[in-house]
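The values are calculated or read from the model by the stated rules, or taken from the named source; none is laboratory data. Please read these numbers as outputs of a predicted model, since none were measured by experiment. Please note: Cβ atoms are built from the backbone with ideal geometry, for glycine as well, and neighbour counts cover all protein chains shown.
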Amino acid sequence: MSGSLYIIRHGRTDWNDKHILQGKTDIPLNETGIKMAEDAAAKYKDVHFDICFCSPLQRAKKTAEILLEGRDIPIIYDERLREMNFGIYEGVHNSFEDPNCYIRVFFKEPENYLEAAEGGESMDDLMGRTGEFLKEKVFPLLDEGKDVLIVGHGAMNSAIITQIRKLPIKDFWKEGIENCELKKLI
């Protein structure tokens, strides 16, 4: 592969600030998130991208639009880049800290998150859809020498990173990605 692959997480939302689990719930950027995206646009203005793939959720879409404003870079939305569906735990406050909250396992011991939360996705579901996306969309473009940007979410981005870096699932969060911080993967 001769192209480069970059990944970035959306800007902050009110739910991020309140420690509420978002998942596939379509929450917009807040003022802080918009400013983060504007700052990222300035910071990364000289990084070359041929194409941008983006989650269709509004917090990612708005981040991509701000980040690439004024640049002739197509933004392609793909359902496989949505954030993980956390089922009944979406909208739950401080789910990472509650020892009785099953979704906490996903964030603290991802290798032990074996069953999907009720109404949600499993780790296999997430890895399957992001792996399919990489094979179908990203790797062929990298082989053509294209520089690819993915704009997404915490868990979805970690799934991409885990697969690109060939990390074990226990290290799923090892390279955690902060809001609006660009990471070069290839």
Requested in this report: Check whether at least one residue in the stretch 107-124 is basic (Lys, Arg), part of a helix (DSSP H, G or I) and within 25 Å of Ile186 (Cβ to Cβ), and report yes or no.
Outcome: no
Report summary line: Counting only residues in the stretch 5-49 that are small (Gly, Ala, Ser) and either touching a strand residue (DSSP E or B) at 6+ places or on another chain (Cβ under 6 Å) or buried (at least 19 other Cβ atoms within 10 Å of the Cβ) (or both), the one nearest to Leu182 (Cα to Cα) is identified as Ala40
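Listed here are the residues, each with its yes/no results for (1) under 16 Å from Met156 (Cβ atoms); (2) polar (S, T, N, Q); (3) at pLDDT 95 or above.
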position: Asp14; (1), (2), (3): no, no, yes
position: Lys24; (1), (2), (3): yes, no, yes
position: Ile27; (1), (2), (3): yes, no, yes
position: Gln58; (1), (2), (3): yes, yes, yes
position: Glu79; (1), (2), (3): yes, no, yes
**Report entry** Residues (touching a Ser or Thr at 6+ places or on another chain (Cβ under 6 Å) and surrounded by fewer than 23 Cβ atoms within 10 Å (Cβ to Cβ)) located in the stretch 139-152
**Finding:** Gly145, Asp147
Query - Subset tally (residues that are at pLDDT below 95 and surrounded by fewer than 19 Cβ atoms within 10 Å (Cβ to Cβ)) for the stretch 153-185 - result: 4
Query raised in the report: Does Ala37 satisfy the criteria of being over 14 Å from the mean Cα position of the chain (by Cα), in contact (Cβ under 8 Å) with a residue 40 or more places away in the chain and outside any strand (DSSP E or B)?
Result: yes
Query raised in the report: Here are Ile169, Ile160: which of them is in contact with a strand residue (DSSP E or B) (Cβ under 9 Å, 6 or more places away or on another chain) and β-branched (Val, Ile, Thr)?
Result: Ile160
Query raised in the report: Phe139: aromatic (Phe, Trp, Tyr), more than 27 Å from Asp17 (Cα to Cα), out of contact with any Cys (no Cβ under 7 Å at 6 or more places or on another chain) and assigned to a helix (DSSP H, G or I), yes or no?
Result: yes
Requested in this report: Could you identify the single residue in Thr63, Thr32, Thr25 that is β-branched (Val, Ile, Thr), in contact with a His (Cβ under 7 Å, 6 or more places away or on another chain) and either farther than 26 Å from Lys135 by Cα or part of a helix (DSSP H, G or I) (or both)?
Outcome: Thr63
Query - Selection status of His19, on the phi > 0 side of the Ramachandran plot and not small (Gly, Ala, Ser) - result: yes
Report task. Mind counting the residues in the stretch 74-101 that are buried (at least 16 other Cβ atoms within 10 Å of the Cβ) and assigned to a loop (DSSP other than H, G, I, E, B)? Result -> 10
Query raised in the report: When Ile177 is evaluated against the numbered criteria (1) in a helix (DSSP H, G or I); (2) touching a strand residue (DSSP E or B) at 6+ places or on another chain (Cβ under 9 Å); (3) over 16 Å from Lys24 (Cβ atoms); (4) not small (Gly, Ala, Ser), which criterion, by number, is the only one it fails?
Result: (1)
